[in-house]
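**Q** My questions all concern the structure below.
The values are calculated or read from the model by the stated rules, or taken from the named source; none is laboratory data. Worth saying up front: this structure is predicted, and the values here are computed from it rather than measured. So basically every Cβ, Gly included, is an ideal-geometry build from the backbone, and we count neighbours across all protein chains shown.
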Ligand code: ADP
Ligand code: MG
């Protein structure tokens, strides 16, 4: 488990304008924090800086009080949950979920135990020997989560993990994601452009616009006290 702090974090791509501007966010240990905002507002850039996939131009990123700006992604003990299409089609569910552990040279017995434990949490035990093509969209998405869970990371990062699912399935998966995160208690940073998803999932929600944080707060608080017209319009005006 982990506390993640972004302290005046900015990102300027070499050829572009400021994509993220002096962002201050503290993600509490065990918290489900959602970053929401329109396309191009800097959500993925922020997530990728936390993951270590993009350099931070200025400011400091701390995990459990330690500066990690210079740490390689694999040394941050953070797992990214990708969209389900990132599964390996030729591998079984079991091998897909085991893959990160195999890379880390974990022994067979531990791999088996970890995969089966994750499968129980994700309700995938009956499907371990199937290939992704023979699963439903929801099951595939849970396998994608399984690949993150098996490593017992300090935190999960999710970039629009449900965006390629249909509306009905997306609703179901929201419930699963939330249940699984609460059960594991793993600090989670979740990115979406969908306000309903943000308001349903987040313990707190960060509204971003053009690289600037507009407001941070619990969903109910944002509904009732939007900081400005953009926030009010984006998340829906209070009735
Ligand atoms: P979001 O995930 O909210 O849609 P992004 O973080 O992908 O937004 O992008 C934020 C801004 O940074 C956009 O203006 C985008 O064009 C720009 N951007 C993203 N990635 C790169 C890159 N690799 N090089 C240059 N500019 C980029
Ligand atoms: Mg994005």
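**Q** Within the set of pairs 6 or more residues apart or between chains, which connect a residue that is closer than 17 Å to residue 201 by Cβ and in contact (Cβ under 8 Å) with a residue 60 or more places away in the chain inside region 26-52 to a residue that is near ligand 1 (Cβ under 10 Å from one of its atoms) and part of a helix (DSSP H, G or I) with Cβ atoms less than 8 Å apart?
**A** 35/43; 35/46; 35/47; 36/43; 37/43
**Q** Take region 160-184 and flag every residue that is within 16 Å of ligand 1 (Cβ to nearest atom), closer than 19 Å to residue 78 by Cβ and surrounded by fewer than 20 Cβ atoms within 10 Å (Cβ to Cβ).
**A** 160, the sole residue that qualifies.
**Q** If a residue must be in a loop (DSSP other than H, G, I, E, B) and more than 16 Å from ligand 2 (Cβ to nearest atom), how many such residues does region 5-45 contain?
**A** The number of residues fulfilling the criteria is 7.
**Q** In addition: Given (1) without any contact (Cβ under 8 Å) to a residue 24 or more places away in the chain; (2) within 26 Å of residue 176 (Cα to Cα); (3) within 16 Å of ligand 1 (Cβ to nearest atom), identify the lone condition not met by residue 14.
**A** Just one mismatch for residue 14, condition (2).
**Q** Could you grab me the full set of residues in region 48-95 that are within 20 Å of residue 129 (Cα to Cα), part of a helix (DSSP H, G or I) and within 19 Å of the chain's Cα centre (by Cα)?
**A** Hits for region 48-95 are 84, 85, 86.
**Q** Next question. Can we say residue 220 is free of Cβ contacts under 8 Å to residues at least 60 places away in the same chain, over 17 Å from residue 41 (Cα atoms) and touching a helix residue (DSSP H, G or I) at 6+ places or on another chain (Cβ under 8 Å)?
**A** no
**Q** Can I ask one more? Applying the selection to region 7-50, what residues are in contact with a helix residue (DSSP H, G or I) (Cβ under 9 Å, 6 or more places away or on another chain) and either within 13 Å of residue 212 (Cα to Cα) or modelled with pLDDT under 95 (or both)?
**A** Answer for region 7-50, where residues must be in contact with a helix residue (DSSP H, G or I) (Cβ under 9 Å, 6 or more places away or on another chain) and either within 13 Å of residue 212 (Cα to Cα) or modelled with pLDDT under 95 (or both): 9, 11, 19, 20, 23, 25, 35, 36, 37, 38.
**Q** Could you check region 189-225 and list, in sequence order, the residues that are farther than 19 Å from residue 179 by Cα, away from ligand 1 (no atom under 16 Å from the Cβ) and either assigned to a loop (DSSP other than H, G, I, E, B) or out of contact with any strand residue (DSSP E or B) (no Cβ under 9 Å at 6 or more places or on another chain) (or both)?
**A** Matches in region 189-225: 220, 223, 224, 225.
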